[in-house]
1. Using Rg and Dmax of the Cα atoms in Å as the read-out, say which of [x] 18.9, 60; [y] 25.4, 95; [z] 18.0, 57 was calculated from these coordinates.
2. Longer than 30 Å from Cα to Cα, which of 154/203; 15/203; 26/107; 184/245; 136/210; 136/184 are they? Say none if no pair is.
3. What is the local net charge at residue 10, summed over the other residues whose Cβ is closer than 9 Å to its Cβ (Lys, Arg +1; Asp, Glu -1)?
4. Where does each of 24-30, 245-251 land if you order them by average Cβ count within 10 Å, highest first?
5. Starting from the 7 Å offset along Cα-to-Cβ, what nm value, one decimal, do you get for the label separation of residue 109 and residue 179?
6. Fully extended, how many nm does the chain gain between residue 214 and residue 262 (0.36 nm per residue separation, minus their Cα-Cα distance)?
7. Note down the nm distance, to one decimal, between modelled labels 7 Å out along Cα→Cβ at residue 239 and at residue 37.
8. Applying 1/(1 + (r/R0)^6) with R0 = 25 Å to the Cβ-Cβ distance of residue 226 and residue 135, what FRET efficiency is obtained, to the nearest 0.05?
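Only the coordinates and a few stated rules stand behind these numbers; no lab work does. Not measured: the values here are computed from a predicted model. Quick reminder, even Gly has a Cβ in these numbers, built from the backbone with ideal geometry, and neighbours come from all protein chains shown.
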Amino acid sequence: MINNLSPENIMHYVKTNIPLDITVHKSVTSTNTLLKEAAQSGAKEGTVIVAENQTMGRGRLGRSFHSPADTGIYFSILLRPKIDPNDSLFLTTSAAVATAKAIEDVKDCTALIKWVNDIYIDNKKVCGILTEGAFKAESSELDYAIVGIGINLKTPDGDFPDDIKNKAGAVFSKDEDITDVKSKLIAYVLNYFFYYYENLSSKAFFKEYKERSFLLGQEISILDSKGPIPATAIDLDENCHLIVKLSDGTIKELSSGEVSVIMNSVLQP
């Protein structure tokens, strides 16, 4: 199979006016880690690092992110946003909408979002997003933010590892041709994402983020340090906080954290 993943092929599909500096690697430790080092050395907004394999891929809460060669794409975007740090959640949520839309552009499917940062197809997680940032030493302003996106394109040979194989999925089946998909999909994500990024103050992404959320109305479990807390997800406010109703009737607003859905077909922390 021809591998068309290259900066030139990605840029062929890019439509954003924001200048991009894209590099593509066969294998890295972690695209977020490499981009963090570049950011600290003065790399400009719009720097994008892409890899076909990560040996130390990272997810939220210190988890590892399974990133095998040839079956996925993994990329990180450097931003230097002039936003309130409290609004940094919007980088993650807008990236989720951008990725879901881009996936649907290359595959006939419905891509839904699990608050805050995961993309699901047919009750299986096909994408995770990790946003990290650093503050300026002399103020509380963000110096930079990095949005890392990992997408499972196909199931690895021998399936996913035992600890995730019941909840992990892929965008394409093993027999589908993805020769021209990798560069195109990354470009489509970048196009959508930078549109939302340029319109972050108006929350142009929010309506679709809420419409794609499959948690609303579901019985969920909030993963707390003291143990799981049963609740019902009832709404998302305009700050992308999850509004839940606890079993005693208390209404609680979650700005971050982990939840799982209490149902047989989906059980994904």
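1. [z]
2. 154/203; 184/245; 136/210; 136/184
3. +1
4. 24-30, 245-251
5. 2.1
6. Full-extension gain reported as 16.0 nm.
7. Using points 7 Å along Cα→Cβ, the separation is 3.7 nm.
8. Once rounded, the FRET efficiency stands at 0.25.
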